[in-house]
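In what follows, a structure is listed as C-alpha cells, so that the remarks can point back to it.
What follows is calculated from the coordinates using simple rules that are stated; it is not laboratory data. As the structure is a computational prediction, the values presented were derived from the model and not from experiment. Glycine also receives a Cβ, built like all others from the backbone with ideal geometry; neighbour counts cover every protein chain displayed.
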Amino acid sequence: MTGPRRLSALAWEAVAALATGALFLLLLLPLLGLLVRVAPGELLARLGTPLILSALRLSLYTSTLATLSVVALGLPTAYLLATKHFPGKRVLEVLIDLPMVLPPTVAGVGLLLAFGRAGLAGRALGTFGLSIPFTTLAVIIAQVFVASPFFVSAAVAGLREVESRYVDAAATLRAQPAFAFRHVLLPLALPSVLSGMVMTWARALGEFGATIMFAGNLTGRTQTLPLAVYMALETDLQAAVVLSVILLILSFTLLFALRFTPWRGRWRMRAAGDGR
Amino acid sequence: MLRATVVKQRGAFRLEVRLDTQPGTTAVVGESGAGKTTLLRLLAGLERPDAGRITLGDSVYFDAAAGVSLPAWERAIGFVAQDYALFPHLTVWANVAFGLRAQGLPRHTIRVQVGATLERLRLTGLTDRHPAALSGGQQQRVALARALVLEPSLLLLDEPLSALDLGTRQTIRGELRELLARLPCATVYVTHSPLEAMVFGDQIAVIEAGQLTQVGSREDLLRHPRSPYVATLLGINLFHGGIVDRDRQGIARVRTADGELAVADPGGSGEVFVAVSPREITLYLEPPTGSAQNVFHGPILELVPEPPAGERVRVALRTSPPLVAEVTKQAVEALGLHEGVWVYAGFKATGVTAYR
C-alpha cells in the first residue's frame, strides 16, 4: 500500500463522515427546536384540551380505518402482482406507485373532481343522496389514496421473496391456492406485510394536502392532527408546537418499532440441508 | 400404477419420457440437467407438459388431447423435494398436519392420523420443534411424514439423500430403504447416484438428456447395459457393433467403431452390445502367449484406486478400442505400472458378453 493511496482512502472516509454529520444536523435541528419548546408537564396538560383531543382522536380513528381499508384492498392486489402475469401489469404497478410521488394537493383536487357533486363518481352517489366531500369518510379516502402504495409495494416485495418451493410444497399437500396463501405465503411474508402496514399508518397519520383539499378543515369531523397544527399556527403558536410534538413522538415510535420488532427476519433461516 | 407419457420443451432442452411404474420403487437415475426434477414436477402437477398423458390407476391427471390437466392439489401424489421444503414457520406437528387441514378434515381425525404417522416415522419427541431445530435426517423424516400422512397412491422422491452430509447419509439410506419397502404405494426415486439407484430401484430407468435410454431390473442393467452412460456408471467397458465373422468354436468377431473384438457368439446377426468387465482384463508388459483371443496394445492414461484407497486399481488405457482394466495393487507394483507405460491388455472371448 502506497502513501497517497492510503491518504485518498482516508479523505473519502472524512467526506462521508462530514456529509453524514451535516444531514444529521439538518434533520435533528427542527426536531430539537420543537422538543425544547415543550416541557413534559405542559404536554400532558395540553393533551386534555378539546381541540387537541378531538384532532388526536380523529387522526387515530381515520388513519386506522384507512390502514385497514388499504390492507383489505391491497393484500389481494399484492398477491396478484406478486404471483401472476397478466396484460397491463406494468401499467397497474406504476399506477399503484403514483400517489407516492404525486403532490398530495394534486391528489386532493383529483378526489374532489371525482367525488364532488359534478364529479364522475359524485354524480352517481348523489342520486342515492350521498355526498362524500367534507366528511370523515373523505378524510379516510384521502389517506387511503396517498398511503396505499406504501403497503402494496412492501407486500408485493414480501410475497415475491417467499421461495416458490414452499408454495409448490403446499400444492402437492392438497392445498388449494387460497389455503396456501393463508397458511404459507402470508405467514412467510408477514414481516414485510406488517412493516407495510406500519408505513401506511404513519403516512395516513401525517396526511395533510389531500385531506384539506378534499375533506376541508372541520373540527371534530375532518380536522386531523396535521390540519390542527396548521390552524393553530395562526392563533396559538404553543398549541401548534404541542400538536407537532405529539405527531413527532407518534411517528418516531412507529418507525423505531418497525426497526426493532422481533418479527423482523424471523423466518429467514435455512429450512433444510444444514445436516446438523 | 402410474402410466405417463410426457413431452416438455424448455429452450433447447427437450424432455420426452414414457414411464410406467411397477409396484415397489422405480429409480430414475441420470446426471444433473438430464431432466429428472422436471419429470417429477410434471408428474406432480407443478408444471404442465406440452403434450402427453398421465394416469394413475383409473384417474386421468393429464391428457393433452382431451384437454385434461388436474392441478397439483387434486392429484393423489406425494412429493418430497430435494431440500424437503418444510414450512419454516410451522412446527413438526403442524407441518405433518398441513395436508389434512388443507382438506378440511375434522380435528379429531387429523390428530389421530398425524399422531400415527409421527410415531411410524419416529418423530413423536419432536412434535413442537421448528424445522430449523432439526437435523438433516429428522427433516427428511418430517418431509416423508408430511407426504405419507395423506396416503398417496404414488410417492415422488427427488434426491432424498443429497441434502444430508456424508456421515449420516449411509445410516439414513438404510432406514429409508426399509421404510420404502414397507410402503403400500409405489415410489419414484430420482437420483444422480448409480449406487442409490441400485440400492433402491426394483426397476431402474436411466435418463439422459431428457430421454429414458434404458428401463429394466437391477440385474438387467448390471448384466446388459445399453448405453455408454450406464456402462460408465457401472464401470463396465461397453461397445456397440456388428458381427462380421464367426467360427465353429462359438467365437464371433464384432467390428466396433474403434476396432474388432472376439466374443462368445450370441447367435443371430446384426448389431450387438459388447460388455467387458474390467476384472476380466489382464495387463502384460510383453505380448501374452496364453489363450486370450483379444489383445490390445496401448499406453496407460491414468491409474485410479478403486474404491478410493482400496486394494484394487482401475487402469484406463488408450488402446483401440479404449479399455478400462481393474487389477490388484500388487500387480501394479509388480509390473511397475504408471501413466504413459505401454502395456498389452488381454481377455478371453468367453469373458465378454454380447447381447442385443
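Brief remarks on what is shown
- Net charge of Cβ neighbours under 12 Å - reference A:ALA170; Lys, Arg +1; Asp, Glu -1: +3
- Compared with the alpha-carbon gap, the fully stretched path from A:THR253 to A:LEU28 is longer by 79.4 nm at 0.36 nm per residue.
- Zone of B:ASP20's modelled label, taken as backbone nitrogen in the range B:34-60 under 17 Å from a point 7 Å along Cα→Cβ: B:53-60
- The range A:40-260: C-alpha gyration tensor shape, a/c 1.5 cut-off, then a/b vs b/c: oblate
- Relative contact order of the range B:84-155, taken over Cα pairs closer than 8 Å and 6 or more residues apart, is 49 percent.
- Euclidean distance of C-alpha centroids, the range A:34-83 and the range B:134-168, integer Å: 49
- Within the same chain, lysines fewer than 8 places from B:LYS348 are excluded, and of the rest, those with a Cα less than 28 Å from its Cα are B:LYS329.
- Counting DSSP beta bridges with both ends in the protein assembly as shown, the antiparallel % (nearest 5): 80
- Residue among B:GLY35, B:GLY104, B:GLY115 with the largest mean-square fluctuation in a Gaussian network model of chain B, springs linking Cα atoms under 10 Å: B:GLY104
- Angle in degrees between helix B:107-120 and the longest Cα principal axis of chain B, rounded to the nearest 10: 30
- Rounded to the nearest 5, the antiparallel percentage of DSSP beta bridges internal to chain B is 80%.
- Net charge over other residues, Cβ less than 15 angstrom from the Cβ of B:LEU195 (K, R count +1; D, E count -1): 0
- Based on C-alpha pairs under 8 angstrom that are at least 6 apart in sequence, the range B:235-355 has a relative contact order of 32 percent.
- Gyration tensor verdict on the protein assembly as shown (Cα atoms; rounded if a/c is under 1.5, prolate if a/b is larger than b/c, oblate otherwise): prolate
- FRET efficiency, B:THR328 to B:VAL60 (Cβ-Cβ, R0 60 Å, nearest 0.05): 0.60
- Between A:GLU13, A:GLU42, A:GLU163, the Gaussian network model of chain A with springs among Cα atoms under 10 angstrom shows the greatest mean-square fluctuation at A:GLU13.
- Only helices enter the 222 nm calculation for chain B: every DSSP H run of n ≥ 4 contributes -39,500 (n - 2.57), and dividing by all residues gives -7500 deg cm²/dmol, rounded to 500.
- In this structure, B:PHE13 and B:ALA51 have a Cβ-Cβ separation that, at R0 = 25 Å, corresponds to a calculated FRET efficiency of about 0.95.
- Axis angle, to the nearest 10 degrees, between helix B:166-182 and the longest C-alpha principal axis of chain B: 70 degrees.
- Long hydrophobic helices in chain A: the complete DSSP H runs spanning 20 Å or more by Cα along their own axis with mean Kyte-Doolittle hydropathy of at least -0.5 are A:3-35, A:50-83, A:136-161, A:186-205, A:237-260.
- Charge tally in the Cβ shell below 12 Å around B:GLU326, where Lys, Arg are +1 and Asp, Glu are -1, B:GLU326 excluded: +1
- Of the residues B:LEU105, B:LEU39, A:PRO149, the one whose Cα sits farthest toward the positive end of the charge dipole of the protein assembly as shown, with +1 on the Cβ of Lys and Arg and -1 on the Cβ of Asp and Glu, is A:PRO149.
- Cα-centred dipole magnitude for chain A, charges only on beta-carbon of K, R (+1) and D, E (-1), debye, nearest 20: 740
- Prolate/oblate/rounded label for chain B (Cα gyration tensor, a/c 1.5): prolate
- Size of electric dipole in chain B: Cβ of Lys, Arg +1 and of Asp, Glu -1, about Cα centre, debye, nearest 20: 940
- Relative to the longest principal axis of the Cα atoms of chain B, the long axis of helix B:136-148 makes an angle of roughly 60 degrees.
- Chain B: most fluctuating residue of B:ARG120, B:ARG248, B:ARG129 per GNM, C-alpha cutoff 10 Å: B:ARG248
- 19 Å Cα-Cα reach of B:LYS36 towards lysines, excluding residues that sit fewer than 8 places from it in its own chain: B:LYS8
- From phi via Karplus (6.51, -1.76, 1.60), per-residue ³J(HN,Hα) for the range B:311-320 in Hz, x at Gly/Pro: 8, 10, 10, 8, 10, 8, 10, 8, 8, 10
- Selection from B:PHE79, B:SER217, B:HIS338, by position along the positive dipole direction of chain B (Cβ): B:PHE79
- Dipole of the range B:2-231, positive direction: furthest Cα of B:LEU15, B:LEU123, B:THR25, with charges on the beta-carbon: B:LEU123
- Look at the alpha carbon pairs under 8 Å that are at least 6 residues apart: their mean separation over the length of chain A gives a relative contact order of 26 percent.
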